[in-house]
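For reference, the structure is listed below as structure tokens.
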Amino acid sequence: MAKNKIVDLVFPFLGPLIAPVLKAKSLTIVGFLVCILAIIIVPLPSPILDFFLALSIALSVLIILISIYIPKPTDLTTFPTLILIITLFRLSLNIATTRMILSEGQNGPEAVSEIIAAFGEFVVGGNMVIGVIVFC
């Protein structure tokens, strides 16, 4: 089965939406970079930040799996560009999460992103001394 047939089979309702994006790949990259700048500039609400953090984790796992299972290195010639764009995306998420923690952190863990609160609770374990030692 060709790639387009698989996409049409799995996502039949996305066909008309994906077709223009597949034709304008350079515009897609520019749009993604503009979204990265928007993440840095605009303060994001907690659910949207949670979505972007989950997307970042999923993309990193996907890139690792693709790079492990690729048969020839020449099959992934866009790898340096991909790593650069994903690194910029993660950097923008770091800026957005730092802004959220510094501006909303005094209201407690429920005021910040649930993923950030869960990760902080996992690392610190509820002990302030361990948190100071780990993060300082």
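Considered as a group, the residues in the stretch 82-102 that are in contact (Cβ under 8 Å) with a residue 12 or more places away in the chain and among the β-branched types (Val, Ile, Thr) include one that is nearest to residue 57 (Cα to Cα), and that residue is 86.
Conditions (1) under 15 Å from the mean Cα position of the chain (by Cα); (2) more than 26 Å from residue 109 (Cα to Cα); (3) β-branched (Val, Ile, Thr); (4) in a helix (DSSP H, G or I), marked per residue:
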{"site": "35", "(1), (2), (3), (4)": "yes, yes, no, yes"}
{"site": "61", "(1), (2), (3), (4)": "yes, yes, yes, yes"}
{"site": "89", "(1), (2), (3), (4)": "yes, no, no, yes"}
{"site": "93", "(1), (2), (3), (4)": "yes, no, no, yes"}
{"site": "96", "(1), (2), (3), (4)": "yes, no, no, yes"}
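Summed over the stretch 68-77, the residues that are outside any helix (DSSP H, G or I) and either touching a residue at least 24 places away in the same chain (Cβ under 8 Å) or surrounded by 10 or more Cβ atoms within 10 Å (Cβ to Cβ) (or both) give a count of 1. Considering the stretch 85-106, the residues that are aliphatic (A, V, I, L, M) and more than 23 Å from residue 29 (Cα to Cα) include one that is surrounded by the fewest Cβ atoms within 10 Å (Cβ to Cβ), namely 102. Selection of the stretch 49-59 for residues being surrounded by 13 or more Cβ atoms within 10 Å (Cβ to Cβ) and either more than 20 Å from residue 92 (Cβ to Cβ) or out of contact with any Ser or Thr (no Cβ under 9 Å at 6 or more places or on another chain) (or both) yields 51, 56, 59.
Given the criteria outside any loop (DSSP other than H, G, I, E, B) and either touching a helix residue (DSSP H, G or I) at 6+ places or on another chain (Cβ under 8 Å) or modelled with pLDDT of 80 or more (or both), does residue 80 qualify? The answer is yes for residue 80.
In the stretch 112-136, of all residues being in contact (Cβ under 8 Å) with a residue 40 or more places away in the chain and assigned to a helix (DSSP H, G or I), the one that is surrounded by the fewest Cβ atoms within 10 Å (Cβ to Cβ) corresponds to 114. When the residues of the stretch 23-41 are narrowed to those that are surrounded by 12 or more Cβ atoms within 10 Å (Cβ to Cβ) and β-branched (Val, Ile, Thr), which ends up modelled with the lowest pLDDT? The selected residue is 28.
The values are calculated or read from the model by the stated rules, or taken from the named source; none is laboratory data. Nothing here was measured: the structure is a model prediction, and the numbers come from that model. Neighbour counts are summed over all protein chains in view; Cβ atoms, including those assigned to glycine, are modelled from backbone coordinates with ideal geometry.
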